[in-house]
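Undergrad: Below is the structure I would like to discuss, written out as structure tokens.
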Amino acid sequence: MNNENHIRKQININDIILNVENPRFEKVNNQEEAIEIMINEYEEKIYNLAKHITENGINPTESSAVIKSDNDKYIILDGNRRLTALKILSNPNLLDEKFEKLKSKIISLDRTNIPSTINAIEFQSEEEANLWIKLKHTGENDGVGTVEWNSLQQARFDNDKYPLSIQLLKYMESANLIKESISKNIKNLKITNLERLLTDPDVRNILSITRVKNELHFPIPNENTRNILNNFLSELLLEDFTVNKIRNKSDRTEFMNYFKDKYNLTEGDIEDLKSCEITTVKSYETLKEETEKMEDRKEPKENTKHKVEDTLNNKTIPSPKATEMPSTKDRSTVIPKEFNLTIKNVKINDIYKELKKISVDDYPNIVGASFRVFLELSIDYYIDENKDEIDVRENDKLKNKLEKVKNNISDKLKLNRSVLKDISRAIASNDNIVSIDVLHGYIHSTVSQASSDGLKTTWNNYEKFFELLYGIINNSILAKA
């Protein structure tokens, strides 16, 4: 289908009418009936949506499908509920006496900044629009439609709530404890089963995990920790494992006794782990990053190519009493002002300096586009300086070049693979906040919006990469080796 047959545009809500042939209902005769039938069916949902709009605005990731009507108005084909909410927010008098309670609730909302326009896609015909509307509302369609998140993916996205199950998985991931056999099947893990187990203090005791309010404390990672936790997850991933095995307290006791017997886990093993220093997910991640930076800068005369500790082979990961990394909320720029790079290329250096000055909170889209440019120019600069070692083809995309540069840096410095694991994630993922595809969207998509917190997180993931990249270009790292 030719993309020129539909146009993205901003349309005033007063120029859009509800679809009187909305497939959710029987056909109605006019706009008043269309609003009435929508509210009769979805009153609570429409109010909740209206309240959300007053607090957060319109969802910028969604556009309404419209076609032109005979009277130069637009008929909405998809987004009728959203349009109804906007119309009654703009004019509560559209609600007659039957909906006095809803009208009163709408009037009580803060309606000072109600959007007057919506993002819309104008299609030339209803048939053309229906292809996409059907795809949106009829499920996965073998992967062509929207693939719903499973409970694990949803919990990962809602990590501000940090459920116990996700704390455990994040801890294992950040400490490189997850074995490949588990990693391959982790998507099949029923997160509710893991959560049920971790809420039981006796289960946590056997795993040497403690809980303070809603935060889990783990032993400093070592090989014993790795084996116990991977064995634990492997049991939950077995095909015959169901919630019935752990539904109540006695079930969980029986399961954990079976677990200890199967893997020869003795009370002595448990006590040994309990005697280790403890850490949390947040402490471990921030301390590990800070330790790597401190060690790289601490002893410039020492003859070593890198000072990143191997979690499994070196059990001296620092105590959580060390100084923590500052929160992203404590800075207004995407690049921390205290972070320094020496960049000899004038243009790249100017972009870098600007990224340290421009407020990402005020101008996230400008900063997002600039960061994407800074990344690509830095990669091209590195490739040009090391062209004898990196085979780059004319049609190589940014993702390919990033991978080649990452591998070259790792080879030069003989890095443990965990050092640039965030870059590996950016290469492998399509929708992670740090992925190349998301960065592309900041420049090439008319829909993708950059966010301040997302960009700060992205920088945190790329910071080590830039530090090593420019260190090699300037020979400041290799000279120490």
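Undergrad: Go through the residues of the stretch 78-85 one by one and say whether even a single one is surrounded by 12 or more Cβ atoms within 10 Å (Cβ to Cβ), within 18 Å of GLU128 (Cα to Cα) and charged (D, E, K, R).
TA: yes
Undergrad: Go through the stretch 62-116 and give me each residue that's more than 13 Å from ILE35 (Cα to Cα), without any contact (Cβ under 8 Å) to a residue 40 or more places away in the chain and of a type in the set (S, T, N, Q).
TA: ASN71, SER104, SER108, THR112 - these are the residues of the stretch 62-116 that are more than 13 Å from ILE35 (Cα to Cα), without any contact (Cβ under 8 Å) to a residue 40 or more places away in the chain and of a type in the set (S, T, N, Q).
Undergrad: Given the residues ASP384, ASP396, which is the only one that is surrounded by fewer than 16 Cβ atoms within 10 Å (Cβ to Cβ) and either touching a strand residue (DSSP E or B) at 6+ places or on another chain (Cβ under 7 Å) or outside any helix (DSSP H, G or I) (or both)?
TA: ASP396
Undergrad: Would you say ARG211 is surrounded by fewer than 18 Cβ atoms within 10 Å (Cβ to Cβ) and more than 19 Å from LEU177 (Cα to Cα)?
TA: For ARG211, the condition - surrounded by fewer than 18 Cβ atoms within 10 Å (Cβ to Cβ) and more than 19 Å from LEU177 (Cα to Cα) - is met.
Undergrad: If you don't mind, there's one more thing I want to ask. State which residue is nearest to ALA175 (Cα to Cα) when the search covers only the stretch 240-258 and only residues that are out of contact with any helix residue (DSSP H, G or I) (no Cβ under 9 Å at 6 or more places or on another chain) and not in a helix (DSSP H, G or I).
TA: Among those that are out of contact with any helix residue (DSSP H, G or I) (no Cβ under 9 Å at 6 or more places or on another chain) and not in a helix (DSSP H, G or I), it is ASP240.
Undergrad: Please count how many residues of the stretch 146-189 are over 24 Å from PRO221 (Cα atoms) and modelled with pLDDT of 60 or more.
TA: Qualifying residue count for the region: 3.
Undergrad: From ILE443, ILE436, ILE477, ILE472, which residue is farther than 18 Å from ILE423 by Cα and modelled with pLDDT of 85 or more?
TA: On the way: ILE436 fails: farther than 18 Å from ILE423 by Cα; ILE477 fails: modelled with pLDDT of 85 or more; ILE472 fails: farther than 18 Å from ILE423 by Cα.
Answer to the selection: ILE443.
Residue-by-condition table, conditions (1) surrounded by 17 or more Cβ atoms within 10 Å (Cβ to Cβ); (2) within 17 Å of ILE121 (Cβ to Cβ); (3) at pLDDT 90 or above; (4) of a type in the set (D, E, K, R):
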residue: ASN12; (1), (2), (3), (4): no, yes, yes, no
residue: GLU26; (1), (2), (3), (4): no, no, no, yes
residue: PRO60; (1), (2), (3), (4): no, yes, no, no
residue: SER63; (1), (2), (3), (4): yes, yes, no, no
residue: PRO92; (1), (2), (3), (4): yes, no, yes, no
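Undergrad: Evaluate the following for SER410: is it more than 26 Å from GLN449 (Cα to Cα) and out of contact with any Cys (no Cβ under 9 Å at 6 or more places or on another chain)?
TA: Details: more than 26 Å from GLN449 (Cα to Cα): yes; out of contact with any Cys (no Cβ under 9 Å at 6 or more places or on another chain): yes.
The answer is yes for SER410.
Undergrad: Of all strands (runs of 3 or more DSSP E) completely enclosed by the stretch 1-80, which ones contain at least 1 residues that are charged (D, E, K, R) and touching a helix residue (DSSP H, G or I) at 6+ places or on another chain (Cβ under 8 Å)? Explain how you work it out, then say what you get.
TA: Working: elements: 6-12, 64-68, 74-78.
Those strands (runs of 3 or more DSSP E) span 74-78.
Undergrad: Further, regarding this structure: In the stretch 377-396, how many are within 24 Å of ILE443 (Cβ to Cβ) and touching a residue at least 24 places away in the same chain (Cβ under 8 Å)?
TA: Selection size over the stretch 377-396: 5.
Undergrad: Right, another one. Restricting the stretch 214-229 to residues that are part of a loop (DSSP other than H, G, I, E, B) and of a type outside the set (A, V, I, L, M, F, W, C), which is surrounded by the fewest Cβ atoms within 10 Å (Cβ to Cβ)?
TA: ASN214
Undergrad: Now a separate question. Filter the stretch 446-461 down to the residues that are β-branched (Val, Ile, Thr) and either touching a Leu at 6+ places or on another chain (Cβ under 8 Å) or closer than 27 Å to ASN340 by Cα (or both), then identify the one that is modelled with the lowest pLDDT.
TA: Restricting to residues being β-branched (Val, Ile, Thr) and either touching a Leu at 6+ places or on another chain (Cβ under 8 Å) or closer than 27 Å to ASN340 by Cα (or both), the top hit is THR457.
The values are calculated or read from the model by the stated rules, or taken from the named source; none is laboratory data. The structure displayed is predicted, hence computed values, not measured ones. Neighbour counts are summed over all protein chains in view; Cβ atoms, including those assigned to glycine, are modelled from backbone coordinates with ideal geometry.
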